[in-house]
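Novice: Got a structure for you, questions after.
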Amino acid sequence: MSLLSFRKPKETPETVNPQLEAFLQDYSIEVMPRTAEKVEDFRTLLPEGTRVYIAHIEGTPITDMVATAKRLASGGYTVMPHFPARIIKDRATLAEWIARYQGEAGVNQALLLAGGVAEPHGDFESSMDLMETGLFSDFERLHVAGHPEGNRDIDKDGSDANIMAALRWKQRFSETTDAKMALATQFAFEAKPIIAWANALKDAGITIPIHIGVAGPAKLQTLIKFAIACGVGPSLKVLQKRAMDVTKLLLPYEPTEVLTDLAEHKAATPDFNITNVHFFPLGGIKTNANWAMAHGGGSAVPAAQ
């Protein structure tokens, strides 16, 4: 079985794989205010109640973030905005953001992460700093970042010492809070290393459920660009090798194989700690949703149908 699938996408598969259909149940997807603006009606693309993360990129006004959250919530979707610690100036700013999200869009879920900047802009450096403020005490769900391929920004020596220390802290937090928690991970492209990483966390006593990040259908050039920007490790080497073949460079990537492999493992191992799929729609929200509809069966029926 090849690592990546470079077939031209079909409108619908001949049959829906029931294991993949089950694995895609309650999948989530990530948007930004500028990408959300391109979608006329989310209800024609996403199932009712889909959790939609709103990525907060440095420089995005909080007004735009809240407006996007309000629009999605009014459409019947569960909204989970990013709170990137390093771009939040201070406790007062964080409290203002939370008040606006709650007051204007009814938000009660959040993804807490350090954020994609090297140096903090203010008082916060990590998701743990945000959690320690107590300002999220009435949120129903808090997600934090997971790194199947490690993170050189966190562990510069290539180990996982700092990541694991942070995960143990978050595990303890999950055991003392009423909020439901999950690890929302960076995207990766190969099932076996993902499975090994997830099993290693479980063996280390990290029982927080994992929502595995997967890149949606996209051109190979697009994937390489985002992989470099996001610090994806071994997967980047695979993509670069594929890019040397011009015929494959021109064909779109689809996540069918990696998700099928993970779905098969989940079916064979029901207590597998990866519970949900989280899509990064790098080739576009509509393209990602169409792939899910073609392969997800009843798990991907749009709300408007």
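Novice: Yes or no: Pro193 modelled with pLDDT under 95 and farther than 30 Å from Arg43 by Cα? Write out each step before concluding.
Specialist: Numbers: modelled with pLDDT under 95: yes; farther than 30 Å from Arg43 by Cα: yes.
For Pro193, the condition - modelled with pLDDT under 95 and farther than 30 Å from Arg43 by Cα - is met.
Novice: In addition: Give just the number: which of (1) among the small types (Gly, Ala, Ser); (2) modelled with pLDDT of 95 or more; (3) open to solvent by 20 Å² or more (accessible area, probe 1.4 Å) does Ala114 not satisfy?
Specialist: (2)
Novice: Sort out which residues of the stretch 273-305 are among the hydrophobic types (A, V, I, L, M, F, W, C) and surrounded by fewer than 17 Cβ atoms within 10 Å (Cβ to Cβ), and write them in order of number. Break it down into steps so the answer makes sense when it comes.
Specialist: Looking only at the stretch 273-305, we keep the residues that are among the hydrophobic types (A, V, I, L, M, F, W, C), and these are 274, 277, 279-280, 282, 285, 289, 291-294, 300-301, 303-304.
Val301, Ala304, listed by residue number.
Novice: Can you tell me how many residues within the stretch 62-73 are open to solvent by 10 Å² or more (accessible area, probe 1.4 Å) and in contact (Cβ under 8 Å) with a residue 24 or more places away in the chain?
Specialist: At the first step, the residues of the stretch 62-73 found to be open to solvent by 10 Å² or more (accessible area, probe 1.4 Å) are 62-64, 67-68, 70-71, 73.
If we keep only those that are in contact (Cβ under 8 Å) with a residue 24 or more places away in the chain too, we end up with 62, 64, 67-68, 70-71, 73.
Summing the residues that are open to solvent by 10 Å² or more (accessible area, probe 1.4 Å) and in contact (Cβ under 8 Å) with a residue 24 or more places away in the chain in the stretch 62-73 gives 7.
Novice: Pairs under 8 Å by beta carbon, first residue more than 16 Å from Ala204 (Cα to Cα) in the stretch 152-178, partner of a type in the set (Val, Ile, Thr) and modelled with pLDDT of 85 or more, six or more apart or different chains?
Specialist: Once the first residue is more than 16 Å from Ala204 (Cα to Cα) and sits in the stretch 152-178, its partners that are of a type in the set (Val, Ile, Thr) and modelled with pLDDT of 85 or more give Ile154/Ile163; Asp155/Ile163.
Novice: When you check Phe83 against the structure, is it closer than 19 Å to Pro33 by Cα and buried (at least 18 other Cβ atoms within 10 Å of the Cβ), yes or no?
Specialist: When the stated conditions are applied, Phe83 passes them.
Novice: Return the residues of the stretch 22-46 that are open to solvent by 60 Å² or more (accessible area, probe 1.4 Å) and assigned to a helix (DSSP H, G or I); say none if nothing qualifies. Spell out the reasoning first.
Specialist: Taking the stretch 22-46 as the starting set, the residues that turn out to be open to solvent by 60 Å² or more (accessible area, probe 1.4 Å) are 22, 25-26, 34, 37-38, 40-41, 43-44.
Correct list: Ala22, Arg34, Arg43, Thr44.
Novice: Within the stretch 118-133, restricting attention to residues that are open to solvent by 20 Å² or more (accessible area, probe 1.4 Å) and aliphatic (A, V, I, L, M), which residue is farthest from Arg100 (Cα to Cα)?
Specialist: Ranking the candidates gives Ala118 first.
Novice: May I ask you to say which residue of Gly59, Gly49 is under 19 Å from the mean Cα position of the chain (by Cα), of a type in the set (Gly, Ala, Ser) and open to solvent by 30 Å² or more (accessible area, probe 1.4 Å)? Show your work before the answer.
Specialist: Numbers: Gly59 fails: under 19 Å from the mean Cα position of the chain (by Cα).
Just a single option satisfies the conditions, and that option is Gly49.
Novice: Let me ask something else. Looking at the stretch 155-188, which of the residues that are in a loop (DSSP other than H, G, I, E, B) and either in contact with a Pro (Cβ under 8 Å, 6 or more places away or on another chain) or farther than 21 Å from Asn276 by Cβ (or both) is most open to solvent (accessible area, probe 1.4 Å)? Break it down into steps so the answer makes sense when it comes.
Specialist: Restricting attention to the stretch 155-188, the residues satisfying the condition of being in a loop (DSSP other than H, G, I, E, B) are 155-160, 175-179, 188.
Going one step further and asking which of them are either in contact with a Pro (Cβ under 8 Å, 6 or more places away or on another chain) or farther than 21 Å from Asn276 by Cβ (or both), we end up with 155-160, 176, 188.
Numbers: Asp155: 3, Lys156: 151, Asp157: 116, Gly158: 50, Ser159: 44, Asp160: 85, Thr176: 115, Ala188: 3 Å².
It comes out as Lys156.
Novice: Additional query: Only strands (runs of 3 or more DSSP E) wholly contained in the stretch 63-153 count here; list those with 1 or more residues that are among the charged types (D, E, K, R). Give the derivation first.
Specialist: Numbers: elements: 78-84, 109-113, 141-146.
Passing ranges, in order: 141-146.
The values are calculated or read from the model by the stated rules, or taken from the named source; none is laboratory data. Because the structure is predicted, anything quoted here is derived from the model rather than measured. Every residue, glycine among them, receives a Cβ derived from its backbone with ideal geometry; neighbour counts consider all protein chains shown. For the accessible areas, the whole protein counts, side chains as well, though only heavy atoms, and no ligand, DNA or RNA atoms are used. Shrake-Rupley method; radii C 1.70, N 1.55, O 1.52, S 1.80 Å.
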